[in-house]
Structure formats: C-alpha cells, structure tokens
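Heads up, the thing below is written out as structure tokens.
Just so it is clear, none of the values below were taken in a lab; they were calculated from the coordinates. Keep in mind that what you see is a predicted model, and the values were worked out from it rather than measured. Cβ coordinates were reconstructed from backbone atoms using ideal geometry, including for glycine residues, and neighbour counts include every protein chain displayed.
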Amino acid sequence: MSAFASVVRGVGGYLPEKVLTNDDLSRMVDTDDQWIVERTGIRKRHIAADGELTSDLATRAAEKALEAAGLEAADIDLIVLATATPDYTFPSTATIVQHKLGITHGAAFDVHAVCSGFVFALATADNFLVQGQFNRALVIGAETFSRILDWSDRGTCVLFGDGAGAIVLERQTAEEADGRGVLSSHLRSDGRYRELLYVDGGPSTTQTTGYLRMIGNQVFKHAVGKISESIREAAERAGIEVDSVDWFVPHQANQRILTAVADKLGLAPEKVVSTVADHGNTSAASVPLALSVAVEDGRVKPGDLVLLEAMGGGLTWGATLLRI
Ligand code: UT7
C-alpha cells in the first residue's frame, strides 16, 4: 500500500441553460422521441450558449467543486482537464481555466482521451499527487460537443450534449486518508479502432475543426466487453470484489450500455447512477457530472466505494475504483 492517497474533497457539475429535447430534434432531422428513448434512454441534452466556451463550463464546475471542498482556487496547484472540444488548438483549455480561476502558480494541462478523458485525467492527477509533485488537483471533464456535431446526421446529433464536471483531489498520508481515495485505475487504448469514432478534421489534416463521425452499432459492440474487462482489472488491482461496490458511476453514453455492463458484472440496478436521460452523452464530462448529481442528492456518502468507467474514441477505455 502506498504511503499517500489522493482523496476526493469536493465534486461539482455544470450544465448550460439551453435545453434541446427529443421533440426539438424531431423537427430538425428524421427522428422521434420514441426511437431516441428506446435506443438510448436520452430525453434531453444541454447546449452551450453562443460565446459560452468549454473553459466557461469547466470554470463553473470547478468553482462548485471548490465550494463543496471548502477550498479556495489558490489552494489548487494542479489542473488536469479532459476535453476533446478545447477552446483553441492551443493553449490548453486547462491554462485558460487556471487563468479564469485566478491561479498563477502550479501547472495546468489537458488530457485527450475523448469520452474516457476523465478516467485518464483522474489517473494522471492521482499519480502526480501520490508521487508528491503536487498537493491539490482540480480534475475536470468539460465539453461542447454541440460544436462538432453534424446537425444533419441523425445517427450522431441526437446522442451528445454539452456540460462539465470537476473534482478536487487532495494528497493525504495513508493515515489521514484512512482507506479513502483512489484505490486503483486501469487504462487501455487500441488505435486499430480509430475509424469507429473520430472527427473528420484537425489542424494537421484538413486545417478545419471537422465533425464527429461514428459507426454507432460497432462502438456499442466493443463497449460492454471492453468496459467490463477494465473494471475487472481495476478491481483485481485493488483486491476488491466487484459486487462490494456501493455505487457504479459509468460514462453516460447509452442506457442500454449502462444496464448491460451492470448485468454482466452482477451489479444491482439500484447501485447504478444514471443521468444520461437528462444530458445525453457529454463525453469527458459525463462521469464527474453523474458523480456530482449522486453526491449532491445524498446517495454517495463519505466512505462509499465508487466504481467509475468510460469508453470513447481511439478507442480508449478504463475504470477507476475510489473510496469517497
Ligand atoms: O461515448 C462514446 C461511446 N459511444 C457510444 O457508446 C455509442 C454507442 N452506440 C450506441 O449507443 C448505439 O449504437 C446508437 C444509439 C448510436 C444506435 O443504436 P443501434 O440500436 O445500434 O441502432 P443502429 O445504428 O443499428 O441503427 C438501427 C436503425 C437504422 O435504420 P435501418 O438501417 O435499420 O433502417 C438507423 O438508420 O435506426 C436508424 N437510426 C435512427 N432512427 C431514428 C439511427 N439513428 C436514428 C435516429 N432516429 N436518431
């Protein structure tokens, strides 16, 4: 066991004001509420206002996480921000958030693993804290996927939304942490599957931003198996039985994937935190958004064992076990 642990001090989420319902979408493309609800569980998604940037959503979520932690921005010395929809090609959105929070010390950088981004960012921050390079980290997932959607493609535009979620992680001695903190992470990627889910533009290829393209049913087929595999690996590393998990907080892509993974792992449906109906797939933001909802409504309590997982473009996938 490590002499130090990365303990969650606070969690926060933010969704933009504007809501786009399934009925709204049925007036834009050939779809309907029944198809979207039956195939995905999504009822609505939030869309950033004109001029509202990924860094704005991230800053709002970070402020809420800091408030929940009872800390000031100046207490943070590391920001790791997961996004596939940065404000600019560079500088990183993390440094923009750092500036918006008024932090001028420490380090800030982005992590890019698309929908798995938060799990990758959390593992990165955890390693830095446990190694003693930083003391308190903001780990943020923030996205404005509405800006990279092809609004004429019904196979993708109904699935995604905008949002942000953040947690404050603090380095504590094993004694202080008393069993709390990140217990284990398992990260994976396999670039052979790039063409199942990608954006058809970028600075080095087309010099444009591009639009999201996905072969949804093939991504779906990979999701359940790969996610379950990384959960088992993370549990094994932590020496924990998966059925001892109190709360399962998965990436919110599709209710059918959430249910299938929980079934495969033998997790009771009432342990699954599902917010996909309210905001659709918010990519890297979805895991901390769902966690913030379950913490704020009192379901997830200090001492609970929480399992996070995600899979996204790359393909990338991973899982984290933490005691809150
Ligand atoms: O976060 C990153 C990871 N991403 C995911 O995990 C997404 C994974 N994939 C999915 O969630 C599902 O595959 C979708 C929700 C994208 C699609 O559900 P599906 O059950 O796999 O449907 P499908 O793609 O096999 O399409 C079935 C039918 C097709 O029509 P035909 O060819 O059978 O006539 C589609 O054209 O549904 C049609 N369709 C739609 N119909 C109404 C596709 N999109 C829509 C739509 N409204 N929005």
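When only Cα pairs under 8 Å and 6 or more residues apart are kept, what is the percent relative contact order across the chain? List each step's numbers first, then the result.
Values: 824 pairs, mean separation 82.1, N = 324.
Normalised by residue count, the contact order of the chain is 25 percent.
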Whole-Hz ³J(HN,Hα) from phi, Karplus 6.51 cos²θ - 1.76 cosθ + 1.60, for region 125-133, glycine and proline x = 4, 4, 4, 4, 5, 5, 6, x, 7
Sort SER55, SER274 so the one with the fewest other Cβ atoms within 10 Å of its own Cβ comes first.
-> SER274, SER55
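What order do you get for CYS157, CYS115 when you list them from fewest to most C-beta neighbours inside 10 Å? Kindly include the intermediate steps, with their values, before the conclusion.
On the way: CYS157 21, CYS115 33.
If I rank by nearby Cβ atoms, fewest first, I get CYS157, CYS115.
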Can you give the Rg to Rh ratio for region 181-323, taking only C-alpha atoms and Rh from Kirkwood?
-> 1.00
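What ranking of VAL29, VAL139 emerges when the number of other C-beta atoms within 10 Å of each C-beta is taken as an exposure proxy, fewest first?
On the way: VAL29 14, VAL139 28.
Fewest-to-most Cβ neighbours within 10 Å comes out as VAL29, VAL139.
If Lys and Arg each add +1 and Asp and Glu each add -1, what is the summed charge of the other residues whose beta carbon sits under 15 Å from the beta carbon of PHE134? Could you put the intermediate results ahead of the total?
Values: positive: ARG9, ARG136, ARG171; negative: ASP75, ASP77, ASP126, GLU170.
Value of the local net charge: -1.
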Residues whose placed amide H lies under 5 Å from that of THR85, excluding near-sequence neighbours | THR144
One point scatterer per Cα, no solvent, Debye formula: log10 I(q)/I(0) for the chain at q = 0.11, 0.12 Å⁻¹ comes out as -0.62, -0.74
Of VAL219, VAL182, GLN252, farthest towards positive along the dipole that unit charges on Lys, Arg, Asp, Glu beta carbons give region 181-323 = VAL219
May I ask you to evaluate 6.51 cos²θ - 1.76 cosθ + 1.60, the Karplus curve with θ = phi - 60°, for each residue of region 66-74 and list the ³J(HN,Hα) values in order in whole Hz, giving x for glycine and proline?
-> 5, 4, 4, 7, x, 10, 9, 4, 5
Report, in deg cm²/dmol and to the nearest 500, the calculated mean residue ellipticity at 222 nm for the chain, where each DSSP H run with n ≥ 4 adds -39500 (n - 2.57) and the sum is divided by the residue count.
-> -10000 deg cm²/dmol
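How much net charge surrounds GLY117 when only other residues with a Cβ under 11 Å from its Cβ are counted (Lys, Arg +1; Asp, Glu -1)?
Values: positive: none; negative: ASP110, GLU143.
Value of the local net charge: -2.
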Just how many pairs of Lys in the chain have C-alpha atoms closer than 21 Å, counting pairs that are eight or more places apart or on different chains?
-> 8
Compactness of region 116-272 - radius of gyration and Dmax, Cα, Å | 17.9, 55
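Quick check: net charge around MET214, other residues with Cβ under 13 Å of its Cβ, Lys/Arg +1 and Asp/Glu -1? Present the calculation step by step, with values, prior to reporting the outcome.
Details: positive: ARG154, ARG194, ARG213, LYS221; negative: ASP150, ASP153, GLU195, ASP200.
After counting each charged neighbour, the total is 0.
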Over the alpha-carbon set of region 4-177, work out the extent along each principal axis and list the three values in angstrom, largest first.
-> 56, 31, 26
Using θ = phi - 60° and Karplus 6.51 cos²θ - 1.76 cosθ + 1.60, couplings along region 187-192 (whole Hz; Gly, Pro as x) | 10, 9, 8, 8, x, 4
